[in-house]
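The values are calculated or read from the model by the stated rules, or taken from the named source; none is laboratory data. These figures come from a predicted structure and were not determined experimentally. All Cβ positions, glycine included, derive from the backbone under ideal geometry; neighbour counts span all protein chains shown.
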């Protein structure tokens, strides 16, 4: 019989593994295939380059999202507070980790509640979409949003991770209809994201038809959750199976291009292997509206609030310098830049 790990322990395992082990995907993001054309005469002043943008009707100082990571344990609670306070001080967006733990164990709700340190940030609640096939409905989605006073709800898709987890839930049949019901019933926007294997063109079409407010591509090229589950595996066989999926997924750059071609105005978040401001700038030039990162912020938050703020400010500065030497002064101009594709 499989040993099912309590949710709180599983969340602690995820943090520990991400901080200590090599869980990098064998696939690259695809961003290395693109390059900005350097402008030796930018015809603007660096400090006049404006990185601010709007997303879901909120103004951000830069197109940066602290991607959904954690919650459900005491260690996660401290990390979330640090991330949220850093987001508040730097005026960027933040997503929370899956709140299923707090829905099922209300005593864990405080591990996600960050509004007291971040009253003004663009904040996303989060539930696994698969839970809609396991007794969850509109009420649970509303509870997740109200619990953290969120501006929007992320429903995440993770079929491969569920298939590899001993406690995985894999009944994905007819899920799109339930996602559509949430989109049409919830009083806040609904965002759908993957967790690191990418949103395909086929899935994007289904999500757009269902009425999602935005898509986070969460493509391959960063943390591989199959590798994370490999380290959690309870048998050698389960570990081997998980290890064989290290090169699974759709590269982040490919996801952005295909979904943007499919829908020219859908709000689009790029995540999956982004590691600096140049990566975010490339994603915006390819068609995204925000760039999300998880691993760099998790490692910084494990150190201190000051380190987290420093990392955010470095990434913002890298975006600004990239824009400057690409000859653009605003995010809207950046999104019109044609990148050079390297053969």
Requested in this report: Kindly establish whether residue 83 is within 29 Å of residue 231 (Cα to Cα) and either buried (at least 18 other Cβ atoms within 10 Å of the Cβ) or at pLDDT below 95 (or both).
Outcome: yes
Report summary line: The condition of being assigned to a helix (DSSP H, G or I) and touching a strand residue (DSSP E or B) at 6+ places or on another chain (Cβ under 8 Å) holds, among 204, 218, only for 204
Report summary line: Scanning the range 17-54 residue by residue, the ones that are surrounded by 13 or more Cβ atoms within 10 Å (Cβ to Cβ), within 20 Å of the chain's Cα centre (by Cα) and more than 23 Å from residue 269 (Cα to Cα) total 1
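Return the residues of the range 196-215 that are buried (at least 22 other Cβ atoms within 10 Å of the Cβ) and more than 19 Å from residue 163 (Cβ to Cβ); say none if nothing qualifies. Let's see the steps before the verdict.
Restricting attention to the range 196-215, the residues satisfying the condition of being buried (at least 22 other Cβ atoms within 10 Å of the Cβ) are 196-199, 204, 207, 212, 215.
Correct list: 204, 207, 212, 215.
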Query raised in the report: Checking residue 39 against (1) closer than 30 Å to residue 341 by Cα; (2) in a loop (DSSP other than H, G, I, E, B); (3) touching a strand residue (DSSP E or B) at 6+ places or on another chain (Cβ under 9 Å), which test does it fail?
Result: (3)
Requested in this report: Look at the range 278-300 and say how many of its residues are part of a helix (DSSP H, G or I), in contact with a strand residue (DSSP E or B) (Cβ under 9 Å, 6 or more places away or on another chain), modelled with pLDDT of 95 or more and under 19 Å from residue 24 (Cα atoms).
Outcome: 3
**Report entry** Sole exception among (1) under 30 Å from residue 236 (Cβ atoms); (2) in contact with a strand residue (DSSP E or B) (Cβ under 7 Å, 6 or more places away or on another chain); (3) assigned to a helix (DSSP H, G or I) for residue 161, by number
**Finding:** (2)
Report summary line: Note on residue 218: of the conditions (1) at pLDDT 95 or above; (2) surrounded by 24 or more Cβ atoms within 10 Å (Cβ to Cβ); (3) on the phi < 0 side of the Ramachandran plot, unmet is (3)
Query raised in the report: For residue 101, all conditions in the list (1) under 24 Å from residue 215 (Cα atoms); (2) part of a helix (DSSP H, G or I); (3) out of contact with any helix residue (DSSP H, G or I) (no Cβ under 9 Å at 6 or more places or on another chain) hold save one; what is the number of the exception?
Result: (3)
Report summary line: Taking the range 221-253 and keeping only residues that are crowded, with 21+ Cβ neighbours inside 10 Å and assigned to a loop (DSSP other than H, G, I, E, B), one is left with 221, 222, 224, 245, 249, 250
Requested in this report: Return a yes/no flag: does the range 254-265 have any residue that is closer than 29 Å to residue 138 by Cβ, surrounded by fewer than 17 Cβ atoms within 10 Å (Cβ to Cβ), touching a helix residue (DSSP H, G or I) at 6+ places or on another chain (Cβ under 6 Å) and in contact (Cβ under 8 Å) with a residue 60 or more places away in the chain.
Outcome: yes
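Tell me, yes or no, whether the range 224-240 has at least one residue that is touching a strand residue (DSSP E or B) at 6+ places or on another chain (Cβ under 7 Å) and farther than 30 Å from residue 329 by Cβ. Don't jump to the end; show me each part of the working.
Residues of the range 224-240 touching a strand residue (DSSP E or B) at 6+ places or on another chain (Cβ under 7 Å): 224.
If we keep only those that are farther than 30 Å from residue 329 by Cβ as well, we get 224.
Yes, the range 224-240 contains at least one residue that is touching a strand residue (DSSP E or B) at 6+ places or on another chain (Cβ under 7 Å) and farther than 30 Å from residue 329 by Cβ.
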Query raised in the report: Which of the residues that make up the range 128-139 are in a helix (DSSP H, G or I) and surrounded by 18 or more Cβ atoms within 10 Å (Cβ to Cβ)?
Result: 129, 130, 131, 132
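Test residue 153 against the stated conditions and say whether it is part of a strand (DSSP E or B), farther than 18 Å from residue 293 by Cβ, touching a helix residue (DSSP H, G or I) at 6+ places or on another chain (Cβ under 9 Å) and free of Cβ contacts under 8 Å to residues at least 60 places away in the same chain.
Values: part of a strand (DSSP E or B): yes; farther than 18 Å from residue 293 by Cβ: yes; touching a helix residue (DSSP H, G or I) at 6+ places or on another chain (Cβ under 9 Å): yes; free of Cβ contacts under 8 Å to residues at least 60 places away in the same chain: yes.
Against the criterion (part of a strand (DSSP E or B), farther than 18 Å from residue 293 by Cβ, touching a helix residue (DSSP H, G or I) at 6+ places or on another chain (Cβ under 9 Å) and free of Cβ contacts under 8 Å to residues at least 60 places away in the same chain), residue 153 qualifies.
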